[in-house]
Amino acid sequence: MRFDTLDAWLTWQEQLNPAEIELGLERVLQVLQRMELLTPDFTVITIAGTNGKGSSAAMLQSIYTAAGYRVGTYTSPHLQRYNERITLNGVMSDDATLCDAFAQIEQARTRGGDEVPLTYFEFGTLASIVIFAQANVDLAILEVGLGGRLDAVNALEPDVALVTMVDIDHQSWLGNDRETIAREKAGIYRTGRPAICAEPSPARSLVAHATEIGASLYSLNDQFSYALNDAVDDGSWRWHSASQSYDALPLPGLSGAFQLQNAAGVLMAVTLLQPRFPVALTAIESGLKQVQIAGRFQRVVHAKFAEVECLLDVAHNRSSAQVLSDTLAARSCGGSTHGVIAMLADKDIDAVVVAMRPVVDKWYVASLDISVCPRGAAATAITSVLSMADLAPLPFVNVAAATAAALKNAIQGDRIVIFGSFYTVAEAKTFFHDSGC
């Protein structure tokens, strides 16, 4: 089966609506074997974690592109276009390339009448591998979608595996405590290969698994470390490992103090791959400064309200909301902070509210478009949480209406922060685009 347009493939996926398929690698491995892509001719960096995966992938892509390498990056979810998930040196794959990859996968999975069922995410993961192989990339940066051990991305053997910060999320799939979840994410580690943990206090289960399988573990504050250069007060930071040191690095282009922790793990990966992929200091500096990622403390400007700062952030769980809160607190504005929130029903709304309460003065609560996101929480559910916390939320039918109300109420010196999920940011970006921004 071939697909004339990407929309046709997406529609086919919706209509396919297969029965619930358990997480596992067998299906993807079977199709990869049929396509002779089990051992593709590119180096693989796999990234798992609760928060920081996307930022780490973006930094790696930016650094290696600056160094002159051909880099494929696979991330999820997307904000507005499916094409965002698969990029070559930061450029989104076009519809024709995606459709061709999907057609190859469909042919392989149905070959000989022995049909292999695939999920939406498995199709996308396989498409990234096909596209990267065809493009002859030097490195493929693969972001895990859910967990690690059983995620489709883990079907490929990583040359370097990086786990960012681990927290409680996706409990119905991964478990109800940090130790259980960390063990799932450590599933991307491999025997005898570099296994990076970019967290200062890793879960015991992660360390135990790395030790048990004989992975070469590199942990933050053990095998590598970082610190701000407070003494020189020039906004630089330093990084150190047993084999490499950098004394005056520029801050990453991504906002938030937490990004240094992500950058530290990224530099450990770059250092470990130096023998095969040399990267000059100038490329590291350029890559860090130029890195961008949509929806992470992203600033947008409304033409009619230029005096009001508008920020978009996909923070959707306890830890990411706390990072957002800390970043807002460190960048206090002269006026009030208007918070526009919309979330998925299966997320910890209470924890996000607790984290954001100290930095939000006025709350605007929105429902998500259920035609796009059936898992969206109704505004009434979030309003109930805020009301129980003695706050005074204003409910709205959608993100656009909530954002418009916040803009109307904001005055010079105020700021608006729109957060809660990828869907929330996507709807907000559509609102600003439709408003001519």
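We did not get these values from a lab; they are worked out from the coordinates using the rules stated. Computed from a predicted structure; not experimentally measured. Please note: Cβ atoms are built from the backbone with ideal geometry, for glycine as well, and neighbour counts cover all protein chains shown.
General observations
- Within straight-line cross-link reach of LYS408, lysines at Cα separation under 28 Å, skipping those fewer than 8 residues along the same chain: LYS304, LYS362, LYS429
- Those GluC sites (Glu not before Pro) in segment 83-192 that DSSP places in a loop and that have at most 14 other beta carbons within 10 Å: GLU115
- Taking amide hydrogens as placed 1.01 Å from N in the peptide plane, the amide H of MET92 sits under 5 Å from that of no residue at least 5 positions away in sequence or on another chain.
- For LEU150, the shell of other residues with beta-carbons less than 9 Å away shows a net charge of -2, using +1 for Lys and Arg and -1 for Asp and Glu.
- Segment 53-69 - phi-based ³J(HN,Hα) in whole Hz, Karplus 6.51/-1.76/1.60, Gly and Pro as x: 5, x, 5, 5, 4, 5, 5, 4, 4, 5, 5, 6, 5, 4, 7, x, 8
- 3J(HN,Hα) along segment 195-201, derived from phi through the Karplus expression 6.51 cos²θ - 1.76 cosθ + 1.60 where θ = phi - 60°, amounts to 10, 9, 10, 8, 9, x, 10 Hz, with x in place of Gly and Pro.
- Rounded to 5, percent antiparallel among DSSP beta bridges of the chain: 30
- For the pair SER332 and ALA392, label points projected 7 Å from Cα toward Cβ lie 2.2 nm apart.
- Table column - 3J(HN,Hα) (Hz), segment 122-138, Karplus curve with 6.51, -1.76, 1.60, x for Gly and Pro: 5, 4, x, 4, 4, 4, 4, 5, 4, 5, 5, 5, 5, 7, 6, 5, 7
- Amide H partners (placed H, <5 Å) of MET165, local residues excluded: THR50, ASN51
- Where a label projected 7 Å from the Cα of THR110 along Cα→Cβ would reach, residues of segment 53-97 with amide N under 20 Å: 96-97
- SER236 sits among other residues whose Cβ lies under 11 Å from its own Cβ, and their net charge, with Lys and Arg +1 and Asp and Glu -1, is -4.
- Antiparallel DSSP beta bridges within segment 172-264, as percent of all bridges there, nearest 5: 60
- Gain on full stretching of the segment that runs from ASP350 to GLU14 - 0.36 nm per residue minus C-alpha separation: 117.8 nm
- Taken about its Cα centre, the chain carries a charge dipole of roughly 400 debye when the Cβ of each Lys and Arg holds +1 and the Cβ of each Asp and Glu holds -1.
- With Cα atoms as the point set, the radius of gyration and Dmax of segment 195-272 evaluate to 13.4, 43 Å.
- For segment 6-290, the relative contact order works out to 22 percent when only alpha carbon pairs closer than 8 Å and six or more residues apart are counted.
- Between TYR218 and ALA195, ILE196, CYS197, the built amide H atoms are under 5 Å apart, and every one of these is 5 or more places off in sequence or on another chain.
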